[in-house]
Amino acid sequence: MLSSSSLLQFASHNGMPIWVLNTSIALIMSLVVFALCGLGVLILVYMERKVAADMQLRWGPMHVGWHGVLQLIADSVKLLSKEDIFPRNADRWIFRLAPVLVFLPAFIGLMVMPIGPHLVVQDLNVGLLYVLAVPAIGVAGVIMAGFGSYNKYAILGSLRSAAQMVSYEVPRALSILGVVMIAGSAKLTAIVGTQHAWYIFLQPIGFVVFLVSTLAETNRVPFDLPETESELVNGYHTEYSGTRFLFFLFGEYIALIAGSALAVVLFLGGWHGPGPEFLAPVWFLIKMFAIIYLAMWIRWTLPRFRIDQVMDLGWKVLLPLALLNVLITGLIMVL
Amino acid sequence: MVSAIIYFTVFLIVGIIVVAAMLGASKLLQTRQPTQAKLDTYECGVPNITGDPRIQFKIHYYIFGLLLVIFDVEMLFIFPWAVVFKSLGLFAFVEMLIFIAILVLGLFYAWRKGVLKWV
């Protein structure tokens, strides 16, 4: 966290217990991160609609506010004031808990993301493992949503989602290994710190595998099998409405933000860029939104895969490629 | 380390509180008029004819879960190796090569057995 060491010194001088200070800083930071999350999701939904409209030669939202910027505030108020429908047959507690379990891990996972040289909430030694492991808990929420809804579309969607996330977890983690080997650390700030040349040039295969499996992990088109609207209505969130649906939306977009941020940290040089140091977060955001734009571009230009093609791509193409990448990287480093 | 645990806990608690607050706010804002048709399981507008949707599903989902367990543990094992790889040199590289080769053999076996085929 920024300048936390000087604050800790201040605390010890004034006889304040350190854990009190730590907790209060953590409280403020968590609220800040939540506010940024909310803002980010709003921007992303607006951007998604505008990009989609642009690709299909439409205008997109135009009426509420200047070029429709206030549309999303109207939309979120609408979603908040909608009726929460509990289907008669649904398993009450599982049905209620599922959206929370999708949203919470995605939110907590953002804790280690460094957007500037000192702008990171907690710089863990195992930051990379943390950022892979914690958001993965969201799969449990998706499966719970499917089973809790007591709806055939929801169950099929959640099963597919589980199979898909499980399959792409492996190549995603393995594609990062090359970067870890070169950087010699699993700490996210250290990985950015060693990137004088962007790792995308040293690890082109790793970057491609990482990007594709991130798209699959976040259930984005062309991997949106869990919610194929033409066959499964809306997949695992068919039965959800109102605020609970909003949490699914939140979880999905935060996952996209986290995925692109991780791609920037690992492969695109993080906050590095020309200009003075206070521009670092700006560079980070520019790179992040470039990746997000790429994801949206892919979404609105490519058709959806079939489930067997998705599985084949994961296990028969991406996994061997990722292992090969580790091998090549190791070989070059040893020689 | 302790501060990391504090931060994690605070984030978790704040997340839960924010979620609860949003659900509470929506409860105050919304009107509830549950009708018979609204509470039905959604099946594209027709009355529910499927019955129990929790049917038997394909064994493939389970097999992919098993494969994940194998490869995720492998991944966890390789991570520490990758962190210190620079200082270990050739010996560690050959060792990891053997380890990965065994796993690739396993993957190849599963592949040939048709486990990865989605029918």
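Read-outs: derived from the displayed coordinates by stated rules, not from any lab. These figures come from a predicted structure and were not determined experimentally. Here the Cβ positions follow ideal geometry from the backbone for every residue, glycine too, while neighbour counts run over all protein chains shown.
Over chain A, dividing the summed -39,500 (n - 2.57) contributions of all DSSP H runs of at least 4 residues by the number of residues returns a 222 nm mean residue ellipticity of -22000 deg cm²/dmol. Rounded, prolate or oblate: pick one for region A:209-335, where a ≥ b ≥ c are the square roots of the eigenvalues of its C-alpha gyration tensor, a/c under 1.5 means rounded, and failing that, prolate if a/b is larger than b/c, else oblate. Cα axes put region A:209-335 in the oblate bin. Comparing mean-square fluctuations of A:Ser149, A:Ser213, A:Ser24 from a GNM of chain A with C-alpha springs under 10 Å, the top value falls on A:Ser24.
Assuming charge only on the beta carbon of Lys and Arg (+1) and of Asp and Glu (-1), the dipole of region B:1-73 about its Cα centre is about 200 debye to the nearest 20. Each residue, B:Leu28 and B:Trp118, gets one label point 7 Å from its Cα in the Cβ direction; the gap between the two is 4.6 nm. Considering all C-alpha pairs of the protein assembly as shown, those separated by over 35 Å amount to 34%.
The share of Cα pairs per 5 Å bin across region A:84-334, counted from zero up to the longest distance, runs 1, 7, 13, 17, 18, 15, 12, 8, 5, 2, 1, 0, 0 percent. Projecting the Cα positions of A:Val334, B:Ala25, B:Ala82 onto the charge dipole of the protein assembly as shown (unit charges on Cβ atoms of Lys, Arg, Asp and Glu, taken about the Cα centre) puts B:Ala25 furthest along the positive direction.
Averaged over the residues of A:311-318, the number of partner chain Cβ atoms lying within 10 Å of the residue Cβ comes to 3.
Place the peptides A:103-115, A:219-231, A:323-335, A:263-275 in order of packing, highest mean first, counting for every residue the other Cβ atoms within 10 Å and averaging per peptide.
Numbers: A:103-115: 23.7, A:219-231: 18.9, A:323-335: 17.1, A:263-275: 20.5.
Descending packing order for the listed peptides: A:103-115, A:263-275, A:219-231, A:323-335.
Residue by residue through A:36-47, how many Cβ atoms from other chains fall within 10 Å of the Cβ on average? Could the numbers behind the result be given before it?
Values: counts 0, 2, 1, 0, 0, 0, 0, 0, 0, 0, 0, 0.
Mean partner-chain Cβ count within 10 Å for A:36-47: 0.
Legend: distances between Cα atoms for A:Lys50/B:Lys38; A:Lys316/B:Lys58; B:Lys58/B:Lys113; pairs beyond 27 Å are A:Lys50/B:Lys38.
Counting each DSSP H run of 4 or more residues in chain B as -39500 (n - 2.57), what helix-only mean residue ellipticity at 222 nm follows after dividing by all residues, to the nearest 500 deg cm²/dmol? List each step's numbers first, then the result.
Values: 5 runs with 84 residues, N = 119.
The per-residue figure over chain B is -23500 deg cm²/dmol.
Let a ≥ b ≥ c be the square roots of the eigenvalues of the Cα gyration tensor of chain B; is it rounded (a/c under 1.5), or, if not, prolate (a/b larger than b/c) or oblate?
Working: a/c = 5.98, a/b = 1.48, b/c = 4.04.
Oblate shape, in that a/c is at least 1.5 and b/c is the bigger or equal ratio.
Residue exposure proxy: A:Tyr168, A:Tyr293, ordered by other Cβ atoms within 10 angstrom of their Cβ from fewest to most, comes out as A:Tyr293, A:Tyr168. As a ratio to 2.2 N^0.38 Å, the alpha-carbon radius of gyration computed for region A:97-214 takes the value 1.23.
Return the average number of partner chain Cβ atoms within 10 angstrom of each residue Cβ along peptide A:208-220.
Details: counts 0, 0, 0, 0, 0, 0, 0, 0, 0, 0, 0, 0, 0.
Averaged over the peptide's residues, the number is 0.
Beyond 16 Å, what share of the Cα-Cα pairs of region A:193-244 remains, rounded to the nearest whole percent?
On the way: 791 of 1326 pairs.
In whole percent, the share of Cα-Cα pairs in region A:193-244 beyond 16 Å is 60.
For region A:130-208 and region A:239-269, what is the separation of their Cα centres, given in Å? What the calculation gives is 12 Å, centre to centre.
With +1 assigned to the C-beta of every Lys and Arg and -1 to the C-beta of every Asp and Glu, and no other charges, what is the dipole magnitude of the protein assembly as shown about the Cα centre in debye, to the nearest 20? If you can, show how the numbers build up before the last one.
Details: 28 positive and 24 negative charges, 80 e Å.
Dipole of the protein assembly as shown, to the nearest 20 debye: 380 debye.
Could you give the Stokes-Einstein D for region A:48-156 in µm² per second, using the C-alpha Kirkwood radius, 25 °C, 0.890 mPa s? Using the Kirkwood radius from Cα pairs, D works out to 141 µm²/s. By the combined test of axial Cα extent (at least 24 Å) and Kyte-Doolittle hydropathy (mean at least 0.5), the qualifying DSSP H helices of chain A come to A:18-55, A:92-109, A:152-183, A:242-267, A:280-301.
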